[in-house]
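Here's the structure, in structure tokens; my notes come after.
The values are calculated or read from the model by the stated rules, or taken from the named source; none is laboratory data. No experiment lies behind these values; they were computed from the predicted model shown. Glycine also receives a Cβ, built like all others from the backbone with ideal geometry; neighbour counts cover every protein chain displayed. Heavy atoms of the whole protein, side chains included, go into the accessibility calculation; ligands, DNA and RNA do not. Shrake-Rupley method; radii C 1.70, N 1.55, O 1.52, S 1.80 Å.
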Amino acid sequence: LWQSPPQRRELDSLKRFTFRFQRILDMKELMEDARRAELGEVTSVLNRETEQLSALFQTQATYRNMGGLPINQRVDADLLGVSARYTERLKGEIHEQIEHVEKIEAVVEDKRQKLLEATRERRVYEILKERAEEAHRREANRQERMQLDEVGEQLYARRGSDRVEIEAKELSDA
């Protein structure tokens, strides 16, 4: 099937789909990946700090369980003072660690929100791309149908002219 060069160029351009916002979509994907990595890092820090808080609670529980004195042992005032200071220091460390974990949780939530926003932005461009691909596919199908119709019309016209020639030949032979 022979086609003129302009028609061929038109069909070639329809075969290849290019999304005009592809660079923006690529940037949105990179941004989302960066946000996901940031969230992962902060979540890792949160897990580490939460484990440290658990260790402090475990130390406190262990120390409380060791607090009982044997019945026949004398009470040492200095030892009681050291024990009280250690207990207070442990409480202070636990309190500080709780505040630290709460701050990190706030950062994690902020990073999570930023990731959700980046995902929404990327998704907007993905939907635009899907719609553009569908429109491109419809246009390609329409062009193909037009070509097939044109070929069919040409074949029909040829058959019609062939019949006219055959009938003319039959009439001239008769």
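A search for C-beta distances below 9 Å between a residue of the stretch 19-35 that is under 13 Å from residue 129 (Cα atoms) and any residue that is of a type outside the set (Val, Ile, Thr) and part of a loop (DSSP other than H, G, I, E, B), counting only pairs 6+ apart in sequence or on different chains, returns 25/19. Criterion applied to 167, 144, 139, 153 was being open to solvent by less than 90 Å² (accessible area, probe 1.4 Å) and of a type in the set (Asp, Glu), and the one residue passing it is 139. Within the stretch 31-66, the set of residues being part of a helix (DSSP H, G or I) and of a type in the set (A, V, I, L, M) comprises 31, 34, 37, 39, 42, 45, 46, 53, 55, 56, 61. Being closer than 25 Å to residue 36 by Cα, aromatic (Phe, Trp, Tyr) and either in contact with a Ser or Thr (Cβ under 6 Å, 6 or more places away or on another chain) or in a helix (DSSP H, G or I) (or both): is that true of residue 86 here? No: the conditions fail for residue 86. Counting the residues of the stretch 107-126 that are open to solvent by 60 Å² or more (accessible area, probe 1.4 Å) and within 24 Å of residue 44 (Cβ to Cβ) gives 8. Criterion applied to 153, 105 was being assigned to a helix (DSSP H, G or I), without any contact (Cβ under 8 Å) to a residue 60 or more places away in the chain and either under 25 Å from residue 53 (Cα atoms) or of a type in the set (A, V, I, L, M) (or both), and the one residue passing it is 105.
Yes/no matrix, rows are residues, columns are (1) modelled with pLDDT under 90; (2) under 18 Å from residue 141 (Cα atoms); (3) among the aromatic types (Phe, Trp, Tyr):
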| residue | (1), (2), (3) |
| --- | --- |
| 5 | yes, no, no |
| 10 | yes, yes, no |
| 16 | yes, yes, no |
| 23 | no, no, no |
| 30 | no, no, no |
| 38 | no, no, no |
| 41 | no, no, no |
| 47 | no, no, no |
| 52 | no, no, no |
